[in-house]
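Structure first, commentary second.
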Amino acid sequence: MTSQSEPEDVPPDPSVRAVMSERRHLINLAYRLLGSLADAEDVVQETYARWYAMSARQQQDVASPGAWLTKVAGRICLDLLRSARVRRESYVGEWIPEPLPGRTEWITGWSGGTGTDPADRVTLDESLSMAFLVVLESMTPAQRVAFILHDVFRYPFADVAEIVGRTPAACRQLATSARRRIRDSQTPATPAAARPDVVRAFKEAWEAKDIDALIGVLDPDATATGDGGGLVSAELHPVHGSARIARRMVELMDRAPDLTLLERTVNGQPGLVAQQGDAIVVVIAFGLAGDRIRRIWAVRNPEKLRPWTTT
């Protein structure tokens, strides 16, 4: 007796698994391009909607479903980036990319991850650091797409050109300009194993409300940027200078004595999460230069903290 659950003349579609297996890759790509996990997920959903809107014959005519999905996702991201530049002009205060949760709290000796699966780059790859994403925000949409596709995901410029809508030579120039921005933003490297010690020293000095200790761990030219999105209180403009930042941090702790600081991985790097009761109220990422903290990014916008409330 044969099963009647599936007609014998309709074989299972082997392309379904191949198409769905691209999801993590597309999320990786879209998050880097947009700096928002929520937007990245929307892009992937729209990409799959367009795939399944095609007929079976149209799908079969696609030589490489993965390449097709990447091209469509890339074009959607490019359109979103262009519109985002307009939307962010009316954003209240500073706009910081949405922080990405890590899987665990970090520990001394943390090395930045040793995973080799490309699908895990969303939490492990250096290109997901907040410092990297902030520099990407200074690029034009076309620069950002060309650079990420070529330099991070290793797509040839011929493929990049189809997404960006320019010649391969023009895309090469876009990537070169983007690369120059990355180089100009680089600071003296901090060994991966030393990063937790620097962030922990900041945490302990902040908890102790020790202004001198905070100044000692901050670069003299440090900058602290907050993002409340107009939904919660946050500094509307960056705070510059180690002494000013230290005083602001102590003032904040005085106003919120019930604040609990937790060591967490933020965008693949040692960071801090602040809780009041059971609620996460701020996620903090750091940019280091040598043995000092050069940049602080504090995200308070509750819409950007949603991934942290479900981890």
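The values are calculated or read from the model by the stated rules, or taken from the named source; none is laboratory data. Remember, predicted model here, so these are calculated numbers, not experimental data. FYI the Cβ positions are ideal-geometry reconstructions off the backbone, even for glycines, and counts take in every protein chain you see. Note: accessible area is taken over every heavy atom of the protein model, side chains too, but ligands, DNA and RNA are not part of it. Shrake-Rupley method; radii C 1.70, N 1.55, O 1.52, S 1.80 Å.
Side notes on the structure shown:
- Residue list for region 204-240, restricted to those being out of contact with any Lys or Arg (no Cβ under 9 Å at 6 or more places or on another chain), part of a helix (DSSP H, G or I) and open to solvent by 30 Å² or more (accessible area, probe 1.4 Å): E204, E207, D212, A213, I215
- Meets criteria (open to solvent by 40 Å² or more (accessible area, probe 1.4 Å), modelled with pLDDT of 95 or more and assigned to a loop (DSSP other than H, G, I, E, B)) for R166: yes
- Of all residues in region 273-305, those being part of a strand (DSSP E or B) and under 24 Å from D197 (Cα atoms) number 21.
- If you filter region 253-280 down to residues that are aliphatic (A, V, I, L, M) and in contact (Cβ under 8 Å) with a residue 40 or more places away in the chain, you find that the one that is most open to solvent (accessible area, probe 1.4 Å) is L262.
- Every residue from region 60-70 that is closer than 16 Å to S21 by Cα and part of a helix (DSSP H, G or I): P65, G66, A67, W68, L69, T70
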